[in-house]
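Here's the structure, in structure tokens; my notes come after.
The values are calculated or read from the model by the stated rules, or taken from the named source; none is laboratory data. All of these numbers come straight from a predicted model, not from anything done at the bench. All Cβ positions, even for glycine, are placed from backbone atoms using ideal geometry, and neighbour counts span all protein chains on display. Keep in mind that these areas ignore ligands, DNA and RNA; they rest on the heavy atoms of the full protein, side chains included. Shrake-Rupley method; radii C 1.70, N 1.55, O 1.52, S 1.80 Å.
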Amino acid sequence: MSMPVRLFSLLLLLCLLQGCASAPAVPKWNMQAVQRISHSAGQNAVTYFELGKFYQARGQLVLAAEAFAASIALDPQQLAARNALAVLDARQGRLEQAATALLVLVRDFPEAAQPLNNLGYVYYLQGELAQASSMLEQAMARDGGTALARNNLQLVQAAQLALVPAAPAAPAVAVAPEALAEIEIINGNGIRGMAAQVRVRVQARGMAVSRLRNQPGFRQERSQILYAPGHARQADALRQALAQRGEAMQLVAVASLGRGAGIRLILGRDQA
């Protein structure tokens, strides 16, 4: 199928999806390369940005990155797609690349809270706690950045406290960089739509959700967060983000989760 025909079909899908009564969805589009984009009717930076969010919500990060790159090619000075692409780099472990891109965004949009918050979180994952704290404090001072930046700042402060030596002679322990984990959410209580609702909350924290599925029998009494080696800090961050619904979930370290997931969230009946 030629590129114009494929693009027309996918833009038609966008119109159909946006007209549904269910939760709004972003159209699907399979692109080849940014350099092959032709600027025909309907192709604009906003369209490609929405396509990127569509792929991102479904864990198709490579396609999401291509769509965000297409949006940037059409509007190189924008904030949204550049920020989204930097977040994808961080999720796939390219923390240095993400930090560099976010630094440029902070320079280009000094009053925007979002790039400051995201840069602070990337610094946190790199173990650069002083820089993380500085970025997050600046994000809190911007309009629209207070709540999320405050939560992330609490994570940084907790990590800083963990580095305080028990005695003056005790050496500080370096914090190793931690790549962003893919999160699998399992509905273990049988409440329809709960896993999808939690996915929205998790993604709002800048975390990637790889898949949703149901637990056979729905017999999970208490919610748990299982995490593979190298993802302890992110698992704890997820637990704190979801603790607003009541008692904090149990953290369980495991050797492996399979399917590429680094963290598995099992929703129990205590979340009903």
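Of all residues in region 56-101, count the ones that are polar (S, T, N, Q), surrounded by fewer than 18 Cβ atoms within 10 Å (Cβ to Cβ) and within 12 Å of the chain's Cα centre (by Cα).
1
Considering R264, R219, R192, which residue is touching a strand residue (DSSP E or B) at 6+ places or on another chain (Cβ under 9 Å) and not in a helix (DSSP H, G or I)?
R264
May I ask you to list the residues in region 187-231 that are hydrophobic (A, V, I, L, M, F, W, C), open to solvent by 50 Å² or more (accessible area, probe 1.4 Å) and on the phi < 0 side of the Ramachandran plot?
I191, V200, A204, L212, listed by residue number.
Counting only residues that are part of a helix (DSSP H, G or I) and touching a residue at least 40 places away in the same chain (Cβ under 8 Å), how many does region 57-74 have?
Residues that pass the stated criteria total 2.
Name the residues in region 102-119 that are within 17 Å of the chain's Cα centre (by Cα), within 22 Å of L61 (Cα to Cα) and touching a residue at least 24 places away in the same chain (Cβ under 8 Å), would you?
Q114, P115, N117, N118
Could you look through region 216-269, keep only residues that are among the hydroxyl-bearing types (S, T, Y) and modelled with pLDDT of 85 or more, and pick out the one that is farthest from R205 (Cα to Cα)?
Ranking the qualifying residues of region 216-269, first place goes to S223.
Any residue at all in region 122-144 that's assigned to a loop (DSSP other than H, G, I, E, B) and either modelled with pLDDT under 70 or loosely packed, with under 14 Cβ neighbours inside 10 Å (or both)?
Yes, some residue in region 122-144 is assigned to a loop (DSSP other than H, G, I, E, B) and either modelled with pLDDT under 70 or loosely packed, with under 14 Cβ neighbours inside 10 Å (or both).
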